[in-house]
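As structure tokens, the structure follows; a few thoughts come after it.
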Amino acid sequence: MLSKEIQLEVNKGAMLPLMEEFYTIQGEGFHTGTAAYFVRIGGCDVGCHWCDVKESWNAELHPPTAVDQIVEHASQYAETVVVTGGEPLMWDMTLLTQKLKDKGRKVHIETSGAYPLSGTWDWICLSPKKNKLPTETVYDNAHELKVIIHNKHDFIFAEEQAELVNGNAILFLQPEWSKKEEMTPLIVDYVMNNPKWRVSLQTHKYLNIP
């Protein structure tokens, strides 16, 4: 149970439930292959059965950490900071993004879009989930739509989401890791027949890096 003072700080985004932070290579989507500092925020109620960081779901397991501390660590390593989760938009991202941008950093987010957009972002990667669909604010502002393909029905979902996202968003299909042998050939064929889409792979897992 958080103290009243800490809960107030969390509510206004001055403290966030930090699960982990690390410097690595972006493995997915448009910025694949580029160096970035990742900040993983705890808390998520979207509940994807194939999630590879289920330990991030319960925010209470991750200590509220001062945004100033997160920014200080991130600024030592990289020009680009990627905020991920969990679902980071469960929390107010205004202060975190403002302080990172004050340090001259480019700030990216990876989100399901299930909560309204907060914060100021250089790049928004929207990865929508069927069980909790994105809010209009995220559809309208996403730079990238990345749909995870776990089965053949997900291609239909991908096209539905492409209709809802803004027209400037770059469209990616990515195989769910445990189904990659089965789904990757289908994605390749689909993209060749529907070239508005691009293929995204979890290259960090092939490289065996975080």
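Before moving on, here are some points about what is shown:
- The single residue among LEU207, LEU201 that is closer than 24 Å to ASN141 by Cα and of a type in the set (A, V, I, L, M, F, W, C) turns out to be LEU201.
- Residues within the stretch 43-56 that are touching a Gly at 6+ places or on another chain (Cβ under 7 Å) and open to solvent by 70 Å² or more (accessible area, probe 1.4 Å), tallied: 0
- Residue that is farthest from SER127 (Cα to Cα), among those in the stretch 43-80 that are under 15 Å from the mean Cα position of the chain (by Cα) and of a type in the set (D, E, K, R): LYS54
- Of all residues in the stretch 94-106, those that are free of Cβ contacts under 8 Å to residues at least 40 places away in the same chain, under 20 Å from VAL10 (Cβ atoms) and not basic (Lys, Arg) total 3.
- Test result for VAL71, within 21 Å of HIS143 (Cβ to Cβ), open to solvent by less than 10 Å² (accessible area, probe 1.4 Å) and either part of a helix (DSSP H, G or I) or not basic (Lys, Arg) (or both): no
- A Cβ distance below 6 Å, combined with a sequence gap of six or more or placement on separate chains, defines the contacts here; from the stretch 32-54, residues that are on the phi > 0 side of the Ramachandran plot and part of a loop (DSSP other than H, G, I, E, B) reach residues that are hydrophobic (A, V, I, L, M, F, W, C) and open to solvent by 50 Å² or more (accessible area, probe 1.4 Å) in the pairs GLY43/MET90.
- Strands (runs of 3 or more DSSP E) contained entirely in the stretch 142-210, each with at least 3 residues that are closer than 22 Å to TYR115 by Cα and either open to solvent by 50 Å² or more (accessible area, probe 1.4 Å) or modelled with pLDDT of 95 or more (or both): 144-149, 170-175
- Test: residue in the stretch 77-91 that is in contact (Cβ under 8 Å) with a residue 40 or more places away in the chain, among the hydrophobic types (A, V, I, L, M, F, W, C), under 15 Å from GLY29 (Cα atoms) and open to solvent by 10 Å² or more (accessible area, probe 1.4 Å): no
- Taking the criterion of being under 24 Å from HIS150 (Cα atoms) and surrounded by fewer than 21 Cβ atoms within 10 Å (Cβ to Cβ), the residues of the stretch 29-42 that qualify are PHE30, HIS31, THR32, GLY33.
- Restricting attention to the stretch 81-130, the residues that are at positive phi and within 12 Å of the chain's Cα centre (by Cα) total 2.
One line per residue, one yes/no per condition, for (1) touching a residue at least 24 places away in the same chain (Cβ under 8 Å); (2) farther than 22 Å from ILE70 by Cβ; (3) in contact with a Pro (Cβ under 7 Å, 6 or more places away or on another chain):
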position: CYS125; (1), (2), (3): yes, no, no
position: LYS152; (1), (2), (3): yes, yes, no
position: PHE157; (1), (2), (3): yes, yes, no
position: GLU163; (1), (2), (3): no, yes, no
position: PRO175; (1), (2), (3): yes, yes, no
position: SER178; (1), (2), (3): yes, yes, no
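- Condition met for ALA114 (surrounded by 16 or more Cβ atoms within 10 Å (Cβ to Cβ) and not in a loop (DSSP other than H, G, I, E, B)): no
- Residue check for GLY119: more than 30 Å from PHE157 (Cβ to Cβ) and not in a helix (DSSP H, G or I): no
- Residue in the stretch 6-28 that is farthest from THR84 (Cα to Cα), counting only those that are open to solvent by 40 Å² or more (accessible area, probe 1.4 Å) and in contact (Cβ under 8 Å) with a residue 40 or more places away in the chain: ILE6
The values are calculated or read from the model by the stated rules, or taken from the named source; none is laboratory data. Every value quoted in this text rests on a predicted model; they were computed, and no experiment measured them. Cβ: placed from backbone, ideal geometry, glycine included. Neighbour counts: every protein chain shown. The protein model used for the area step is the full one, side chains on, heavy atoms only, and it has no ligands, DNA or RNA in it. Shrake-Rupley method; radii C 1.70, N 1.55, O 1.52, S 1.80 Å.
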